[in-house]
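Shown next, in structure tokens, is the structure this report addresses.
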There are 2 protein chains.
Amino acid sequence: MRSHYCGQLNETLVDQTVTLCGWVHRRRDHGGVIFLDMRDRDGIAQVVVDPDTAEAFANADRCRNEFVLRIVGRVRPRPEGTQNPNMPTGMIEVLAKEVEVLNTAATPPFQLDEHGKVGEEVRLKHRYIDLRRPEMLDKLRLRSRISHSVRAFLEGQGFLDIETPILTRATPEGARDYLVPSRTHAGSFFALPQSPQLFKQLLMVSGFDRYYQIAKCFRDEDLRADRQPEFTQIDLEASFVDEDEIMGITESMIRQLFQEVLEVELPEFPRMPYSEAMSRYGSDKPDLRIPLELVDVDDLMAQVDFKVFSGPAKADDGRVAALKVPGGAELSRKAIDEYTKFVGIYGAKGLAWIKVNERAKGLEGLQSPIVKFMENVIDELLERVDAQDGDIIFFGADKARVVNEALGALRVKLGEDLELYTQDWAPLWVVDFPMFEDDGSARMQALHHPFTAPSCDVEALKADPAQALSRAYDMVLNGTELGGGSIRIHDQEMQRAVLEVLGIDQAEAEEKFGFLLDALKYGAPPHGGLAFGLDRLVMLMTGARTIREVIAFPKTQSAACLMTDAPGEVSAEQLKELNIRLRAKAKPEAAE
Amino acid sequence: MRSHYCGQLNETLVDQTVTLCGWVHRRRDHGGVIFLDMRDRDGIAQVVVDPDTAEAFANADRCRNEFVLRIVGRVRPRPEGTQNPNMPTGMIEVLAKEVEVLNTAATPPFQLDEHGKVGEEVRLKHRYIDLRRPEMLDKLRLRSRISHSVRAFLEGQGFLDIETPILTRATPEGARDYLVPSRTHAGSFFALPQSPQLFKQLLMVSGFDRYYQIAKCFRDEDLRADRQPEFTQIDLEASFVDEDEIMGITESMIRQLFQEVLEVELPEFPRMPYSEAMSRYGSDKPDLRIPLELVDVDDLMAQVDFKVFSGPAKADDGRVAALKVPGGAELSRKAIDEYTKFVGIYGAKGLAWIKVNERAKGLEGLQSPIVKFMENVIDELLERVDAQDGDIIFFGADKARVVNEALGALRVKLGEDLELYTQDWAPLWVVDFPMFEDDGSARMQALHHPFTAPSCDVEALKADPAQALSRAYDMVLNGTELGGGSIRIHDQEMQRAVLEVLGIDQAEAEEKFGFLLDALKYGAPPHGGLAFGLDRLVMLMTGARTIREVIAFPKTQSAACLMTDAPGEVSAEQLKELNIRLRAKAKPEAAE
């Protein structure tokens, strides 16, 4: 029905007859002539309809925005002075011979170029209109290209695309499962997978050697900004590999992806131990675009007569850290108050600071509510953070976890607010994670999942589990965790030892993932893998502000789809077939 | 960790040192030497371990089947007389220098080459072992190649890969939905999609122009042989197209797929109207490899004095048809009795037949329990079916539906039993389906779904809906429906008319798919598409006997996974969070 997409038209087509199909993006009447901006997924082209072509003109005349048209016409250069060099098709226009109205359109609930005037709710309800915006089409088209590039790379590396089940059993990630009542097995439920983790390990036991899947995963969690109930992973696993091989393959994949899709050459991927990331950046996913670092000052602050600092400095689980911001002495009192409020979100009880006005003047050159308490260490402190005139130094003093979270987040916020970025893209690998974390409960918790291999042997693991490091690795880009993975345990004795540390007894293990433990008995190869969050990757690559911009039909933060009105009510008969009923409180009138 | 896959070894590598990783497929001890057949996903290679290499020999000596090994050795030609030309690696062997045991293996529940000795249940429970069988690996590898080929073709044609939701609202296919209780919206449920039908139409309304997805779909039906609760569709949709364009694109896709993956050149795809398919083959998915046809004999049988035939021949909804089988006169009485029982499954009350022993002898040359009733038409009958000596003619006489189903199935069974196939692959398009079927209930039913466009205009549709044909098309290969689709309705007036015929009133339409009807108002382009069943396509291409052979982790006919033991019980606490409880009958002890 068409010869060209609108966006494809250019000067090489002058004098040719073309057929376009698309939507009326804008209509203008000017000097007795109708101008139609015709839009399709490739772009916008200007169509001129002259009263000389009477039938075409009559049809064009009844058109309003978003009418669907088929246009036959001749490409011609735009008259001198009316060209638009900012538009790919801006040098030409199409003089219409035929205008066929394929469909009419009611006035849409919002005009595309005025989408900002309506709330996101209106746009989500009429998602099919919102998706017409060129920037939305472009984001989803880029998503399609990203999937394509990833698939091509992995298939070139011998990875096989294998589908794993959606209707399955609870998986060991530990978030809340979505459940599906079984009709044929009364009282039983499927769980939707939080990841294909166990299945991909079983595929390695089967000898598939290299597996990948762009897989839907599900978590029934209260949604934070960047979460969706269903999300997509680039999931892969390989056998007879070590961490260097998995990291090498996936780093190449991301590097090639950025070249192909964005024409960006990513810099080196440094490897940073978890402990260093926490110490220098207060985060296990540091944004290395920002040239600010946390500096440990425990030893100095242990000497001051100021309990707020000396207490954490001396405590085993405490930390006092400084964050120097070059040029930050210009921050207003109000700005500092805002930052104080900001770190409060992370549990910090305050935000101490020193402005370095003129370091040469000694104490007099400093401005600070707290400097009076630390005269005895001030020189050494300024030396350690390499303070220059015009800097501000912030402090965090609390439990290490609070200091890391608060100053880590403050560092990122300052980087953004003060535009401190030194580069566009800053990738890295974070490695050498602890195997376990002690969250204060009776049991140790697995930092990743119970199948992550430790980097020590069984004896060392049992002797001091808190010191054991894992063979896990996270890929981080611009402060976002793009993906994470590990070498898995393939040895039964090691698996038993890890479950023991986690306080998972045999019965519980058998109940939760007995089939995997069984499989390990029958000749499991050494194996490992990684999973990337595709939605986040697309967000980063498209510069989207919310995850909802890179998903065609997303859900709201209360896990609802405003367009289809899902979830919805179901009939009493359906519930009966599924052997369930609603709790009285939930919806008394619907329960039979 | 490896230099080559086992299956890659050949004579060009003689004298090279290689490193293999894999499983002990078989171990033999012969003349003081240990022979290990090492298996990985690419094949099997013979490894020889000599007692001279003491450490390697000691390690090899403790190996049993399915141990996981890493082997370093030198490739050498097999000694004269021990070559195996039937094996890709059969001309060489590897003389081991090092044998490293990477993992041990307990005796598996069945030996791979004796999998036939255990029931499918045992194999499904230990699926990770069953998948080690080279034929299973090969089928899933071929599936991966098929997905790859399809994606490459469609992306080359400008189709964008767009993901649609899994947690959604009931879709209009009409099978039973899988439901997911919502935690955040008490008393409400998501449905898992039976297809992405509505979403892909909305993507067309948005202007994506060409969409595809390899999509998981779900139906909670009682499972017949070739069904699974979750299955995979190659789903596509395009705008500004007619049926020829969709059929052309998808035919090219399948043609290229067969070339790339099987090196098969498919023959022409003839187009056959639904009415012709039913009349000549008794099926809307005829297997054209079989050179048998149903022949209408209503006019003749209306003249016989045999009510079993003359009744249906005269009735409006009746049919009498003949099916001639060349050479079938050799069929034994017992075989005919079996076929009589077979057509009984489809509701036929009997299976009349005439054996043509010597046609030239007239009635005496025929053998048949019924020929005495049809002496007056026998000559014309034999002429019409072109009976030759040695043929058998079967008859069906009943309601047309019964005759079609019974003789259609008999035709396929005879083709298989008597090996009548004239070609390996016989594709076709079935077109010109009726819009509606009258299943005897008060309402007409949509043969496809309510968004399928009719090939007539609104007036004609309203005037005689029973005669209206749709713009639907099914691709059939070897008697299997590979996929089906249609041009959709993009016009509101037509959509209203169709819903009216279906007896769906405005409130019901609004409730079920109001968002799609809304979308049609705002400038919907002409569009259409198609969905292929990927599982069936893979079955056909791999020659698998059940759908379970082409799915990595399939479910049983009662919709359970024997390996993970899904579906399983969940805690009272989980149910409470989801605002549901079990019905007392279902599982009294688990309900809180």
1/(1 + (r/R0)^6) with r = Cβ-Cβ of B:ASP438 and B:ARG271, R0 = 25 Å, i.e. FRET efficiency to nearest 0.05, evaluates to 0.50
Note: probe point = Cα of A:ALA106 + 7 Å toward Cβ; backbone nitrogen < 15 Å; residues of region B:496-512 passing the test are B:496, B:506-507, B:509-511
A correct Karplus calculation of ³J(HN,Hα) over region B:138-147, with 6.51 cos²θ - 1.76 cosθ + 1.60, θ = phi - 60°, whole Hz and x for Gly and Pro, returns 5, 5, 6, 5, 5, 4, 5, 5, 5, 4
With one decimal in nm and the nearest listed first, the spacings from A:SER332 to its own position in the other copies, using label points 7 Å along Cα-to-Cβ, are 10.2
Using a 1.4 Å probe on heavy atoms of the protein chains only, the accessible area for A:SER558 in Å², nearest 10, reads 50
In whole Hz, the Karplus estimates of ³J(HN,Hα) for region A:260-276 (6.51, -1.76, 1.60; θ = phi - 60°; x where Gly or Pro) are 5, 8, 10, 6, 10, 9, 6, x, 3, 9, x, 10, 10, x, 3, 4, 5
Averaged per residue, the 1.4 Å probe accessible area of chain B, protein heavy atoms only, in Å², is roughly 41
On each of the three principal axes the extent of the alpha-carbon atoms of region A:6-103, given in whole Å and largest first, is 30, 28, 22
Taking only the alpha carbons of region B:438-570, the radius of gyration and the largest Cα-Cα distance, Dmax, both in angstrom, are 19.6, 57
Taking every DSSP bridge whose two residues both lie in the protein assembly as shown, the antiparallel percent to the nearest 5 is 95
Taking A:LYS576, B:LYS307 and ranking on accessible area (1.4 Å, protein atoms only), highest first, one gets B:LYS307, A:LYS576
Candidate cut points under GluC sites (Glu not before Pro) in region A:362-462, DSSP loop plus at most 12 other Cβ atoms within 10 Å of their own Cβ, are A:GLU419
With all protein chains in place and a 1.4 Å probe, A:ARG127 shows an accessible area in Å² (nearest 10) of 10
Output row B,A: buried area (accessible, probe 1.4 Å, summed both chains) in Å², nearest hundred, equals 10600
Classified through the alpha carbon gyration tensor (a ≥ b ≥ c as square roots of its eigenvalues; rounded if a/c is under 1.5, else prolate when a/b is larger than b/c, else oblate), region B:290-422 comes out oblate
If one compares the long axis through the Cα atoms of helix B:400-417 with the longest principal axis of the Cα atoms of chain B, the angle in degrees, nearest 10, works out at 30
The percentage of the accessible area of chain A (probe 1.4 Å, all protein chains present) made up of carbon and sulfur atoms, to the nearest whole number, is 46
Inter-copy distances for B:VAL14, nm, shortest first, label points 7 Å along Cα→Cβ, are 7.0
Note on region B:6-103, DSSP bridge orientation, antiparallel percent to nearest 5 equals 95
Within 10 Å of the Cβ of an average residue in A:572-580, the count of other chain Cβ atoms is 5
Between the residues A:GLN467, A:ILE489, B:LEU499, the Cα farthest towards the positive end of the dipole of the protein assembly as shown, that dipole coming from +1 and -1 charges on the beta-carbon of Lys, Arg, Asp and Glu, is from B:LEU499
Per-residue ellipticity at 222 nm attributable to helices in chain B (runs of n ≥ 4 DSSP H, -39500 (n - 2.57) apiece, nearest 500 deg cm²/dmol) works out to -8500 deg cm²/dmol
Amide H contacts under 5 Å for B:ALA566, restricted to residues at least 5 apart in sequence or on another chain and with H modeled in the peptide plane, are B:CYS561
Amide H proximity to A:ASN103 below 5 Å, modelled H, separation 5+ or other chain, gives A:VAL68
Reported to the nearest 10 Å², B:HIS449 has, with a 1.4 Å probe, an accessible area equal to 30
For region B:313-370, shape from the Cα gyration tensor axes a ≥ b ≥ c, cut at a/c of 1.5 then a/b versus b/c, turns out oblate
With R₀ set to 51 angstrom, the calculated FRET efficiency between the beta-carbons of A:VAL14 and A:LYS334, to the nearest 0.05, is 0.30
Treating only Lys and Arg (+1) and Asp and Glu (-1) as charged, each at its beta carbon, one finds that the protein assembly as shown has a dipole about its Cα centre, in Debye to the nearest 20, of 1660
Counting other chain Cβ atoms within 10 Å of each Cβ in B:206-216 and taking the mean gives 5
Given unit charges at Cβ for Lys, Arg (+) and Asp, Glu (-), the dipole magnitude of region A:74-203 about its Cα centre in debye, nearest 20, is 120
One decimal, nm, nearest first: from A:PRO77 to the same residue in each other copy, label points 7 Å out along Cα→Cβ, the values are 7.5
Simple spin-label estimate for B:GLU221/B:VAL458, 7 Å along Cα→Cβ, in nm, reads 3.4
The percentage of Cα-Cα pairs in region B:268-348 separated by more than 17 Å is 61
Per-residue average of other protein chain Cβ atoms inside 10 Å, peptide A:93-102 -> 1
Expected vector for region B:27-37, Karplus 3J(HN,Hα) from phi with 6.51, -1.76, 1.60 and θ = phi - 60°, integer Hz, x for Gly and Pro, equals 10, 10, 10, 8, x, x, 10, 9, 9, 10, 8
Taking the dipole of region B:290-422 about the Cα centre (Lys, Arg +1; Asp, Glu -1; charges at Cβ), the one of B:MET301, B:LEU410, B:TYR346 that reaches farthest to the positive side is B:TYR346
By the mean-Cβ-within-10 Å protection proxy, highest first, B:42-51, B:152-161 rank as B:42-51, B:152-161
Excluding residues fewer than 8 positions from B:LYS555 in its own chain, the lysines with Cα under 27 Å of it are A:LYS200, A:LYS216, A:LYS512, A:LYS521, A:LYS576, B:LYS117, B:LYS125, B:LYS139, B:LYS216, B:LYS285, B:LYS585, B:LYS587
Applying the gyration tensor rule to the Cα atoms of the protein assembly as shown (axes a ≥ b ≥ c; rounded if a/c under 1.5, else prolate if a/b exceeds b/c, else oblate), the class is oblate
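The values are calculated or read from the model by the stated rules, or taken from the named source; none is laboratory data. All figures in this text were calculated on a predicted structure; none of them were measured in a lab. Using ideal geometry, Cβ is built from the backbone for each residue, glycine included, and neighbour counts are taken over all protein chains shown. Surface areas here come from the heavy atoms of the whole protein model, side chains and all, with no ligands, DNA or RNA. Shrake-Rupley method; radii C 1.70, N 1.55, O 1.52, S 1.80 Å.
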